[in-house]
Amino acid sequence: MSEIKIRDASFARTYADIHCACFAKGWNESVMRQMLLMPGSLGLIAYQQDKPAGIVVYAYSPGQADIVTFGVLPDYRGRHISDELMTASFDSLAAKGIKEIFLEVAVDNVHAIALYERHGFKRVGLRPNYYVRGDVKTDALVMRAEL
């Protein structure tokens with residue numbers, strides 16, 4: 001079982017390290033710090049035996065939130081950390097009065113789509129060519145969940 005903690009911009013290096021390990025175009029410490037300093041940001045880090053294992057960052061406004069980024073380090077995948085992060089973040093958002101959450105996810109990211117669907121997200125739209133990976137463009141599903 002993970003320990004999930006709300007962490008602010010003082011943990012920008014940890015967020016950036018995890019993001020860079022999870023994504024080809026990972027965000028650096030400065031980008032993470034700026035994001036976490038914005039009003040309406042919420043970030044959580046999952047720890048396994050006191051070691052950072054995963055992150056989720058939200059941007060929220062009255063009544064709704066958007067998942068900005070979500071990732072679990074490759075060495076920790078398959079341990080249900082993503083489910084624990086999702087549950088803990090939903091609890092934190094609900095306490096702030098959030099009623100709905102939106103996200104975009106690449107149509108070919110079947111593991112992430114399955115995670116989101118397990119947590120009540122429904123497909124509500126499609127953004128053509130949303131992600132650019134080198135010369136390849138990939139559509140994004142827009143998903144929504146009610147809390």
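Checked against the criteria, Asp108 does not count as of a type in the set (Asp, Glu), at pLDDT 95 or above and assigned to a strand (DSSP E or B).
Results for (1) under 12 Å from the mean Cα position of the chain (by Cα); (2) small (Gly, Ala, Ser), shown as yes or no for each residue.
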residue	(1), (2)
Leu85	yes, no
Lys96	no, no
Lys99	no, no
Ala112	yes, yes
His119	no, no
Gly125	no, yes
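Quick check: anything in the range 111-123 at pLDDT 95 or above, buried (at least 16 other Cβ atoms within 10 Å of the Cβ) and in a strand (DSSP E or B)? Checked the range 111-123: no residue is at pLDDT 95 or above, buried (at least 16 other Cβ atoms within 10 Å of the Cβ) and in a strand (DSSP E or B). Of all the numbered requirements in (1) surrounded by fewer than 13 Cβ atoms within 10 Å (Cβ to Cβ); (2) at pLDDT below 95, Met38 misses one, and that requirement is (2). Annotation note: of Gly78, Gly26, the sole residue that is crowded, with 16+ Cβ neighbours inside 10 Å, modelled with pLDDT under 95 and either of a type in the set (Ser, Thr, Tyr) or over 22 Å from Arg144 (Cα atoms) (or both) is Gly26.
Can you find a residue that is in contact with a helix residue (DSSP H, G or I) (Cβ under 6 Å, 6 or more places away or on another chain), closer than 20 Å to Thr14 by Cα, among the charged types (D, E, K, R) and without any contact (Cβ under 8 Å) to a residue 60 or more places away in the chain anywhere in the range 32-41? Yes: the range 32-41 contains one or more residues that are in contact with a helix residue (DSSP H, G or I) (Cβ under 6 Å, 6 or more places away or on another chain), closer than 20 Å to Thr14 by Cα, among the charged types (D, E, K, R) and without any contact (Cβ under 8 Å) to a residue 60 or more places away in the chain. Right, Ser61: in contact (Cβ under 8 Å) with a residue 60 or more places away in the chain and either within 26 Å of Glu146 (Cα to Cα) or surrounded by 12 or more Cβ atoms within 10 Å (Cβ to Cβ) (or both) or not? Answer is no for this residue.
The values are calculated or read from the model by the stated rules, or taken from the named source; none is laboratory data. Quantities reported herein were computed from a predicted structural model and do not represent experimental measurements. Neighbour counts run over all protein chains shown; Cβ positions are idealised from the backbone, glycine included.
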